[in-house]
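*Asks:* Encoded as structure tokens, here's the structure I'll be asking about.
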Amino acid sequence: MENFDLFSEDMSSNRKADLNEVFDLAILGAGPAGLTASIYAGRAGLKFILVERLSSGGQIVFSDQVDNYPGFPEGISGSQLMERFEKQASKFGTQIFSGEVREIKKSDNLFLIETSSGTIKSRSVIYAMGADPMKLPVPEEERFRGKGVSYCATCDAAFFKDKIVCVVGGGDTALYDALHLSRFAKNVIVLHRRDKLRAVKVLQDIVKKNPRIELLLEHIPLHIIGNKKVEGLEVENVKTRESKVINIDGIFVAIGIVPNTLPLKGIVELDEKGFIKTDLNMETSVQGLFAAGDVRATPLRQVVTAASDGAIAAFSAQKYLENLER
Ligand SMILES: Cc1cc2nc3c(=O)[nH]c(=O)nc-3n(C[C@H](O)[C@H](O)[C@H](O)COP(=O)(O)OP(=O)(O)OC[C@H]3O[C@@H](n4cnc5c(N)ncnc54)[C@H](O)[C@@H]3O)c2cc1C
């Protein structure tokens with residue numbers, strides 16, 4: 001079966017793909033990790049395919065301003081940054097194959113990747129399908145995303161200098177976010193639904209000593225208030241059911257992220273939170289299957305680390321293929 005028509009038109013290629021052929025490498029997910037892997041795979045002369053369910057670019061396209069990716073001292077929007085990644089990937093023969101990855105199987109050193117657009121056969125795989133943040137459970141979430149609602153304090157804290165912000169969550173990430181935000185915002189409110197924080201004690205102690213951070217426990221968010229951007233948050237006391245509005249300029253959501261690992265269920269080793277465990281070469285518990293970016297168990301999830309993972313994974317896949325041939 002030929003699937004030439006399934007390639008998206010915005011990335012040119014000097015090579016067409018046929019799903020009857022066996023690829024050296026299938027890169028799954030066209031975010032920063034997958035696009036970087038494809039640059040390295042293209043330059044290494046591998047016969048590869050890059051699969052994406054939506055348009056390419058990954059999560060970062062939702063960010064208006066990226067100030068921490070090196071090489072852009074004035075900052076750049078997430079979508080513009082990803083356009084550059086895509087242009088560079090395209091230069092080395094990358095085309096996006098449109099399809100949703102549903103299942104991955106391995107048999108006799110061959111991976112069979114079931115997608116919504118057909119089965120891909122490949123001798124190695126880079127799994128770079130990222131993670132999705134758990135969404136703030138209020139009806140206005142989508143309307144205010146990027147307009148005061150953020151899922152990345154490391155990325156967006158500087159935009160809230162001298163403002164009042166709220167961090168939703170009670171785990172380590174929420175408290176790290178609160179501490180980071182307290183360096184910029186004049187007041188940080190940590191909103192948590194339970195009567196105790198979940199974060200490690202040492203972190204709780206540091207937060208409790210910080211005069212800029214205030215805890216609002218046993219409260220849940222109900223509605224975002226605002227016109228064009230966030231101006232307040234209606235919260236409810238879980239015990240008394242009383243609600244009130246707190247005036248804030250930004251909401252940072254840190255209630256967890258969900259790695260996109262469903263197609264790998266049962267075949268690869270995951271950590272306790274469901275992220276893929278890898279070694280330093282990005283190799284997973286399955287030989288020939290590499291993971292890169294946010295989907296991986298890693299201490300920092302950013303564009304720069306995803307790109308780095310993608311480069312290492314492509315390099316490792318190349319070495320793996322060379323060994324297979326010996
Ligand atoms: C709002 C926001 C702001 C951010 N700001 C910054 C910042 O300023 N600086 C910074 O460095 N980082 C920032 N980040 C973090 C950064 O976006 C991520 O760390 C980075 O995008 C991870 O790249 P990735 O390639 O691993 O995964 P992703 O970007 O998640 O890309 C994964 C890709 O895989 C695709 N995919 C998923 N499932 C399937 C499937 N079943 N089949 C086919 N394709 C699939 C997805 O559609 C996606 O395109 C921000 C994140 C968010 C959400």
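None of the figures in this text is laboratory data; all of them are computed from the coordinates on show. This is a predicted model, so every value here is computed, not measured. No Cβ is skipped: glycine too gets one built from the backbone with ideal geometry, and neighbour counts run over all protein chains shown.
*Asks:* Nearest 10 degrees, 0 to 90: what angle lies between the long axis of helix 78-91 and the longest principal axis of the chain (Cα atoms)?
*Replies:* The two axes meet at around 10 degrees.
*Asks:* Still on this structure, please answer the following. Please flag any cysteine in the chain that has no other cysteine's Cβ under 4.7 angstrom from its own Cβ.
*Replies:* C166
*Asks:* Using only the alpha-carbon atoms, how far is helix 303-325 inclined from the longest principal axis of the chain? Give it as 0 to 90 degrees, nearest 10.
*Replies:* In the chain, helix 303-325 runs at an angle near 30 degrees to the longest axis.
*Asks:* Which aspartates and glutamates does K239 reach when only Cα atoms under 20 Å apart count, and residues fewer than 8 places away in its own chain are ignored?
*Replies:* D195, E214, E218
*Asks:* Where the only charges are on Cβ atoms (+1 Lys, Arg; -1 Asp, Glu), what is the dipole of segment 135-253 about its Cα centre, to the nearest 20 debye?
*Replies:* Taking the Cα centre of segment 135-253 as origin, the dipole is about 200 debye.
*Asks:* Going by C-beta contacts inside 10 Å, put L203, L300 in order with the fewest on the left.
*Replies:* Neighbour counts put them in this order, fewest first: L300, L203.
*Asks:* Return the subset of K186/K228; K121/K277; K163/K273; K91/K277 for which the Cα-Cα distance in this structure is over 29 Å, preserving the input order. Don't skip to the end; give the middle numbers.
*Replies:* Numbers: K186/K228 22 Å; K121/K277 24 Å; K163/K273 33 Å; K91/K277 32 Å.
Beyond 29 Å: K163/K273; K91/K277.
*Asks:* Sticking with this one: If you average the alpha carbon positions of segment 263-326 and of segment 218-250, how far apart do those two centres end up, in angstrom?
*Replies:* Spelled out, the Cα-based centre of one part sits 40 Å from the other.
*Asks:* Now for a different question. So what is the relative contact order of the chain, in percent, for Cα pairs below 8 Å that sit 6 or more residues apart?
*Replies:* 19 percent.
*Asks:* Could you give the semi-axes, largest first, of the ellipsoid that matches the chain, computed as the square roots of 5 times the alpha carbon gyration tensor eigenvalues and rounded to whole Å?
*Replies:* The answer is 40, 20, 18 Å, longest axis first.
*Asks:* Top mean-square fluctuation among N68, N227, N187, Gaussian network model of the chain, C-alpha springs under 10 Å?
*Replies:* Of N68, N227, N187, the most mobile in the Gaussian network model is N227.
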